[in-house]
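Below: one structure, written as structure tokens.
The values are calculated or read from the model by the stated rules, or taken from the named source; none is laboratory data. Computed from a prediction, not measured in an experiment: that's the story for all the values here. Methodologically, a virtual Cβ is constructed for each residue, glycine included, from the backbone with ideal geometry; neighbour enumeration extends over all protein chains shown. Surface accessibility is based on the protein's heavy atoms, side chains included, excluding ligands, DNA and RNA. Shrake-Rupley method; radii C 1.70, N 1.55, O 1.52, S 1.80 Å.
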Amino acid sequence: MRLVIHLNRIFLVILVFLAGTVVSQAQSVNIDQLSDQQLQQYMSQAQLSGLSDAELEAKARQRGLSDDQIAKLKQRMQGLSTGSQGKMAGGNLADTNNTRNPLSFKNTKRNIEPAKRNEPKVYGADLFSGENLTFEPNLQLPTPRNYLIGTGDQLVLDLFGYSETNFKLKVSPEGQIRIPNIGPVKVAGLSIEDAEKKIKGQLIKIYPQIVTGKTSFQLSLGQIRSIRVTLIGEVQRPGTYTLPSLATLANALYVSGGPTINGAFRAIDLVRNGKTLVRFDLYDFLQKGDLTKNLLLQDDDIVKINAYQKRIQLKGAVKRPMLYEVKEGESLEDVLFKFAGGLTDSAYREQIKLVRVGKSEKEIIDIPFDSIAHVAMQTGDVYTVDGILDRFTNRVTITGALLHPGEYSLNSFPTLHALLDKAGLKEEAYMKRAVIRRLQSDYTPSMLNFNITDVINGKADIRLQREDIVTIYSLFDVREAYNVSINGEVNKPGTYEFSDSMRLQDLVLVAGGFTNGASGKKIEIARRLANTGRSIEGDTSVYAIVQEIALNRSIESEQQLQQVLLEPYDVVSVRKNPAYKEQVKATVEGEVLYPGEFVIEKKQERLSELVQRAGGLKEGAYPAGAILIRNKESITKTRFIEQERKSLIAASDSVINKDSLLSNVNLNSGTVGIDLNKALAQPGSSYDIYLEEGDILSIPKKLQTVKTFGGIYLPKQIVYNTTRFKEYINQSGGFVPNSNRNRSFVIYANGHIHRTHHFLFLKSYPKVEPGSEVYVPVSKGNRKLSAQELAAIGSTIAGLASALITIIYVSKL
């Protein structure tokens with residue numbers, strides 16, 4: 001929030017300076033043509049403004065800047081602040097809660113040159129790529145006594161005691177400050193301490209109490225100036241940077257991105273007035289936290305990053321495998337233990353492998369570890385510390401049915417008996433056989449087996465070897481899992497784990513007990529065939545042994561169930577009582593007095609009885625259009641009609657099977673073609689069919705329309721007014737040329753289908769009733785003959801007939 005307020009203030013100041021450059025009209029200012037460098041110059045002038053925000057905005061509008069120009073400039077300022085890299089052309093903008101600092105390191109977008117995927121890291125490079133370490137100058141510290149005052153600094157002169165006053169004095173381009181009632185005093189180039197002495201000599205003239213001590217004064221820094229520093233050499237982003245006057249050498253390195261991949265981290269020169277003032281070594285900071293050579297920068301300082309002279313690489317089992325810069329007099333031991341942090345715990349400490357670049361090719365050198373202090377390192381050397389082998393000299397492993405499985409020392413337990421005694425056998429351990437997996441001298445695997453009982457009793461023992469793996473099997477591992485199953489009339493049928501001495505009563509309880517429909521007189525237990533000791537030659541036709549149990553469903557039945565002992569893999573089937581019936585339902589929808597679900601009372605309840613129980617038909621009911629949906633619980637009447645319509649329209653493009661059209665029962669749709677009028681008029685007849693579970697009887701209202709589909713010009717819905725088929729075809733525009741009139745049909749509201757009958761040139765179309773749907777199939781690939789074609793065919797037939805008559809007449813002569 002504070003950064004936004006500061007940016008807004010700079011933005012207003014720039015508005016004033018831009019407006020001040022316009023002679024007549026503000027429209028001559030083209031915001032888009034202003035360079036970033038020009039905006040930076042306006043920002044520098046903005047720091048020297050002492051106007052308030054309201055005064056700045058008022059002056060900008062007085063000088064003619066429009067709202068569009070202000071909006072464009074604000075957008076440019078936001079982009080410049082987020083994309084700034086700290087350079088002269090894109091310097092860092094003001095920070096936030098620090099009144100001293102016109103420029104800051106915060107919120108700086110840093111585009112550091114990314115390292116390649118497989119390229120090793122350079123030790124120290126993380127300082128310039130991390131977000132948590134910024135080397136931002138501390139601007140909250142007390143005024144340094146050795147700080148050199150320059151143009152642009154603001155000095156705060158505070159008098160207290162007998163006289164109370166406060167002055168904020170800006171150092172002018174001439175290096176002077178103007179003290180009220182005293183005049184100009186030159187302070188540029190002086191330290192704070194020296195400037196304080198000089199100002200004291202001037203203040204005594206009008207504040208004599210300073211001499212007696214009744215009045216005291218204090219000189220401190222307010223807003224500090226900005227300085228320009230140039231970074232050259234092997235730097236990520238060389239150029240001239242605008243920095244706070246309290247910035248140090250490390251601050252400049254950070255804002256420029258630090259050294260490149262070829263840059264030296266230990267030879268960074270600060271050049272002032274043409275002379276090298278200090279050489280900064282980043283390793284002093286990384287190793288000892290020493291920043292004594294991290295000097296304050298001054299205006300026009302030059303920071304030069306030299307190229308590295310000697311660099312080596314450490315790889316393998318070291319704590320920080322990286323590239324390290326080496327100075328003369330430093331040894332491999334120094335690099336390994338001071339810079340790299342030493343070896344890892346799994347490092348091989350006998351030798352180090354060196355790959356060195358020769359004059360024409362590479363070479364490998366093995367260096368004994370005790371001589372690393374005397375190795376003459378060369379640039380480009382790659383030192384690799386190997387890790388120890390991932391194997392044990394004295395390990396044996398025991399797994400399986402044990403109390404304490406795991407890895408053990410061969411020295412402590414050299415024999416199998418000692419190892420088994422230590423690991424402890426579980427109760428379910430298989431005692432007759434266990435195995436040892438062993439590596440032979442050529443490292444091929446072998447297997448030894450033994451009897452555990454013999455080893456424990458001291459009859460046999462085996463001396464173990466390195467990397468032996470002992471496996472103790474469980475009884476459950478060497479046999480099929482025991483289970484029993486129960487199905488039928490129990491609450492939770494399924495397969496359950498078998499337990500020794502398990503009874504039938506136990507299994508029934510585990511399965512949640514019998515259901516209400518269970519028959520105690522019919523319980524079957526199917527048992528696997530097992531080898532009973534009898535010799536059976538060849539195959540047998542017997543699959544299982546089935547035992548039937550009949551219960552009296554009394555108190556004694558519990559005792560009877562308790563007496564039946566189960567065996568593994570038994571399958572228990574509890575049959576349903578044939579006299580037990582669950583309620584089954586049928587549904588009546590539509591035009592009856594009491595629509596809804598009805599429980600079917602008896603096995604042979606008929607359609608007419610269901611209508612009677614529903615209170616009979618309403619006055620507006622249309623029984624001729626009633627349909628019965630069977631075994632399709634998820635299909636409502638609306639969905640059924642829509643599915644039927646789609647299937648019939650699709651079928652209209654192909655030859656329609658006569659039998660399927662005339663069938664009263666459509667097995668695919670689950671509907672039954674009924675004639676409810678005849679069923680109600682003739683109860684008990686073949687029309688009055690029996691009901692089944694889930695039946696849905698739908699009785700519509702009196703229907704008054706007829707629908708036409710297929711090979712007609714205008715399929716539509718027509719008001720019913722006649723039974724004549726052709727009348728509805730005519731109202732739909734007539735037949736199209738490729739319509740198949742001979743196969744036209746009508747689907748009535750109750751699902752019945754009547755087709756067109758024809759004999760020679762005579763056609764008998766079906767009658768149409770209310771709610772009917774008229775379908776005219778369309779023939780594929782058949783084209784109606786034109787009048788010329790019919791005339792040609794007729795003349796040909798007439799010619800053939802004339803010739804035939806002539807032949808007959810001649811033959812009679």
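Highest average first, the peptides 688-697, 452-461, 768-777, 408-417 ordered by how many other beta carbon atoms sit within 10 Å of their residues are 768-777, 688-697, 408-417, 452-461.
Other residues whose C-beta falls under 11 angstrom from the C-beta of residue 291 contribute a net charge of -1, scoring Lys and Arg +1 and Asp and Glu -1. Figure note: 479, 613 ranked by solvent-accessible area, largest first, 1.4 Å probe, ligands and nucleic acids not counted: 479, 613.
The H on the amide N of residue 153, modeled in the peptide plane, is under 5 Å from the matching H of 171, 225, each at least 5 residues off or on a different chain. Charged neighbours of residue 396, selected by a Cβ distance under 14 Å, balance to +3 (K, R count +1; D, E count -1).
Each Lys or Arg adds one and each Asp or Glu subtracts one; over the other residues with Cβ under 13 Å from the Cβ of residue 219, this totals 0.
Ranking 548, 489 by solvent-accessible area of protein heavy atoms (1.4 Å probe, all protein chains present), from largest to smallest, gives 548, 489. Working note: Karplus 6.51/-1.76/1.60 with θ = phi - 60° gives region 395-400 the couplings 9, 10, 10, 10, 9, x Hz, where Gly and Pro are set to x. Between residue 371 and residue 232, full extension at 0.36 nm per residue minus the direct alpha carbon distance yields a gain of 46.0 nm.
List the relative contact order of region 241-392 as a percent without decimals, with contacts defined as Cα pairs under 8 Å and 6+ residues apart. Answer for region 241-392 is 21 percent. Pairs exceeding 27 Å between alpha-carbon atoms, taken from 121/327; 304/353; 581/678; 170/275: 304/353; 581/678; 170/275. The HN-Hα couplings worked out from phi for region 732-748 by the Karplus form 6.51 cos²θ - 1.76 cosθ + 1.60 (θ = phi - 60°) are 9, x, x, 6, 7, x, 9, 6, 9, 5, 5, 9, 5, 8, 10, 9, 7 Hz, whole numbers, x standing for Gly and Pro.
A 1.4 Å probe over all protein chains sorts 374, 404 by accessible area into 374, 404, starting with the largest. Roughly how many nanometres apart are two label points built 7 Å out from the Cα toward the Cβ at residue 780 and residue 174? Label at residue 780, label at residue 174, 10.5 nm between them.
With θ taken as phi - 60° and the Karplus curve 6.51 cos²θ - 1.76 cosθ + 1.60 applied, the whole-hertz 3J(HN,Hα) list for region 355-371 is 10, 10, 8, x, 5, 10, 7, 8, 9, 10, 10, 8, 10, x, 5, 7, 10 Hz, x standing for glycine and proline.
Distance from the C-alpha centroid of region 687-724 to that of region 613-628: 14 Å, rounded to the whole angstrom. Taking 19 Å as the cut-off, the amide N atoms of region 508-531 that come nearer than this to a point 7 Å along the Cα-to-beta-carbon line of residue 562 belong to 508-514. Here residue 217 sits with roughly 40 square angstrom of accessible surface, probe radius 1.4 Å.
Loop-located trypsin sites (Lys or Arg not before Pro) across region 183-232 with a Cβ neighbour count of 13 or fewer within 10 Å are 205, 214, with loop assigned by DSSP.
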